[in-house]
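What follows is a single structure, written as structure tokens, with notes after it.
What follows is calculated from the coordinates using simple rules that are stated; it is not laboratory data. Note that the structure is a prediction, hence the values are computed from the model and not measured. Please note: Cβ atoms are built from the backbone with ideal geometry, for glycine as well, and neighbour counts cover all protein chains shown.
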Amino acid sequence: MSYALKEIFVTLQGEGAQAGRTSIFARFAGCNLWSGREADRAEAACWFCDTDFIGTDGPGGGKFADAEALATELRRHWDADAGPGGEPYVVFTGGEPMLQLDTALVDACHAVGISVGVETNGTLPAPPGIDWLCVSPKPNSELVITSGDELKLVYPHEVKPEDVEDLAFRFHYLQPLDWGDAAANVEAAVDYVRRHPRWRLSLQTHKLIGIP
């Protein structure tokens, strides 16, 4: 299977339980919930999406012929841009990574010493072997992944915390909606977490400190 990626870069994970961890971000092109075109945003389940996942023209992006070629490129990025020590770690994101991520790619990453994290909308099945699975439910979308490591819910929006809080995830995070009145959204998320301590607050720290 070949793979199309918008971009590949090394940075710090900015959100959720892995915040602050040096990571390779591998953004797949394409999504099953939004075309990525502004003309379609109002009708999309992910109308608040803040990423460009169209095409393969971003930094490090391109088309890769097979799993081994992509895993080798990911390892090259780690070795070139991350210092010694620590565990090489990739975050497959999108768009929607489950449109392309498969067992062959997970295994190829492990073969070159990279552990695999995934950020997904949870509407498509996950291949086995993923080391860290983060699901972010979206409105009007059926979840097929109902367990994992991290449940991350944008707040406030149409999916309510009480709708998903009993799913079998190790961590439950609320992330303030970065749209409209951002300050009010932060206040609402903080208030909800304070009153429902099963949930934790996730901030987009990469935006706060100005890194990719």
Distance between modelled label sites at R41 and L124, nm, 7 Å Cα→Cβ extension: 2.4 nm
Of all DSSP beta bridges in segment 3-209, antiparallel share, percent nearest 5: 30 percent
Under 19 Å, Cα to Cα: Lys pairs in segment 3-209, sequence gap 8 or more or different chains: 5
Separation in nanometres of the label points that stand 7 Å from Cα toward Cβ, at E187 and A80: 4.6 nm
Fraction of alpha-carbon pairs over 25 Å apart in the chain - percent: 36 percent
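Which values, in whole Å and largest first, are the semi-axes of the equivalent ellipsoid of segment 155-212 obtained as the square root of 5 times each eigenvalue of the Cα gyration tensor? Walk me through the numbers on the way to the answer.
Numbers: eigenvalues 84, 38, 22 Å².
One finds semi-axes of 20, 14, 11 Å for segment 155-212.
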Virtual spin-label span in nm between F48 and T146, 7 Å along Cα→Cβ: 2.4 nm
Principal-axis tilt of helix 182-195 within the chain, Cα atoms, nearest 10 degrees: 80 degrees
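Which value, in debye to the nearest 20, gives the size of the charge dipole of the chain about its Cα centre, when Lys and Arg are +1 and Asp and Glu are -1 at the Cβ?
Details: 17 positive and 31 negative charges, 71 e Å.
My answer is approximately 340 debye.
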Peptides 20-26, 191-197 ordered by average Cβ neighbours within 10 Å, highest first: 20-26, 191-197
